[in-house]
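The values are calculated or read from the model by the stated rules, or taken from the named source; none is laboratory data. Quick caveat: nothing in here was measured; it's all calculated off a predicted structure. Here the Cβ positions follow ideal geometry from the backbone for every residue, glycine too, while neighbour counts run over all protein chains shown.
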Amino acid sequence: MIYRLSIFYFLLLSAAPEMSAQNYLLPERTKFNRAYIKEQDKNLYHVANLVIDGDSLRFYNSSTLQREVIGIPDVHYMRLLIGTRAVRGAAMGAAFAGSAVLIAIIRISSDPNLVFRDNTGARSIAIVGVGAGIGALIGSMSPKWETFYPNILSGSGQIWKPEFFIPNSYPGLGLRFHLN
């Protein structure tokens, strides 16, 4: 009996830190160059050099020009700069240039008076490459932001999750929400 109580006591003590820890919904990275932080009391900060450090956020406040620290429980949401859209821009530029080249090749092949040159393939590849480069330049000027609500899992630990289902009574697709 004492052996079982000691095992129960050991398991209870080993699980206690996990039961009392707060669950925050945070990004995997911990350092960001630019961000917006909205506190629970409606203060909005435009920050630079944000570091997520355990239960707090350290940053340089761009409006007061000072380093500040805010606890994660005080944060309503964080809008973080996670990169640019250069890859998407390059893909769109290459697709646009590739479709223009394809249309030109179809027109040349359908007209009996026009003849392909020997370097048509190399020119086509160069045009697609230039289109990808221009698209990447335009995409790199477009920042990519992501919003996190860190306190959505704290408190009750419950979150509403959507679930799609196929109902039996009628044809179609249904949507329901349940607490996780």
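For the stretch 121-162, the tally of residues that are under 30 Å from Tyr77 (Cβ atoms) and either surrounded by 14 or more Cβ atoms within 10 Å (Cβ to Cβ) or at pLDDT below 80 (or both) stands at 19.
A residue that is without any contact (Cβ under 8 Å) to a residue 40 or more places away in the chain, in contact with a strand residue (DSSP E or B) (Cβ under 7 Å, 6 or more places away or on another chain) and under 15 Å from Phe32 (Cβ atoms) occurs nowhere in the stretch 83-90. For Tyr170, only one of the following conditions fails: (1) surrounded by 11 or more Cβ atoms within 10 Å (Cβ to Cβ); (2) not assigned by TED's automatic domain parsing to the domain that holds Tyr45. What is its number? Condition (1) is where Tyr170 drops out.
Please determine whether any residue of the stretch 33-51 is modelled with pLDDT under 85, within 20 Å of the chain's Cα centre (by Cα) and more than 30 Å from Gly139 (Cα to Cα). Scanning the stretch 33-51, I find no residue that is modelled with pLDDT under 85, within 20 Å of the chain's Cα centre (by Cα) and more than 30 Å from Gly139 (Cα to Cα), so the answer is no. Can you find even one residue in the stretch 81-104 that is of a type in the set (D, E, K, R), at pLDDT below 90 and either over 30 Å from Ala136 (Cα atoms) or touching a helix residue (DSSP H, G or I) at 6+ places or on another chain (Cβ under 8 Å) (or both)? No; the residues of the stretch 81-104 include none that is of a type in the set (D, E, K, R), at pLDDT below 90 and either over 30 Å from Ala136 (Cα atoms) or touching a helix residue (DSSP H, G or I) at 6+ places or on another chain (Cβ under 8 Å) (or both).
Across the stretch 60-78, the number of residues qualifying as in contact (Cβ under 8 Å) with a residue 40 or more places away in the chain, farther than 11 Å from Val47 by Cβ and either in contact with a strand residue (DSSP E or B) (Cβ under 8 Å, 6 or more places away or on another chain) or not in a helix (DSSP H, G or I) (or both) comes to 4.
Please go through the stretch 2-32 and give me each residue that is part of a loop (DSSP other than H, G, I, E, B) and either under 28 Å from Gly83 (Cβ atoms) or modelled with pLDDT of 50 or more (or both), ordered by number. Answer for the stretch 2-32, where residues must be part of a loop (DSSP other than H, G, I, E, B) and either under 28 Å from Gly83 (Cβ atoms) or modelled with pLDDT of 50 or more (or both): Gln22, Asn23, Tyr24, Leu25, Leu26, Pro27, Glu28, Arg29, Thr30. Taken over the stretch 38-58, residues that are aliphatic (A, V, I, L, M) and surrounded by fewer than 12 Cβ atoms within 10 Å (Cβ to Cβ) amount to 0.
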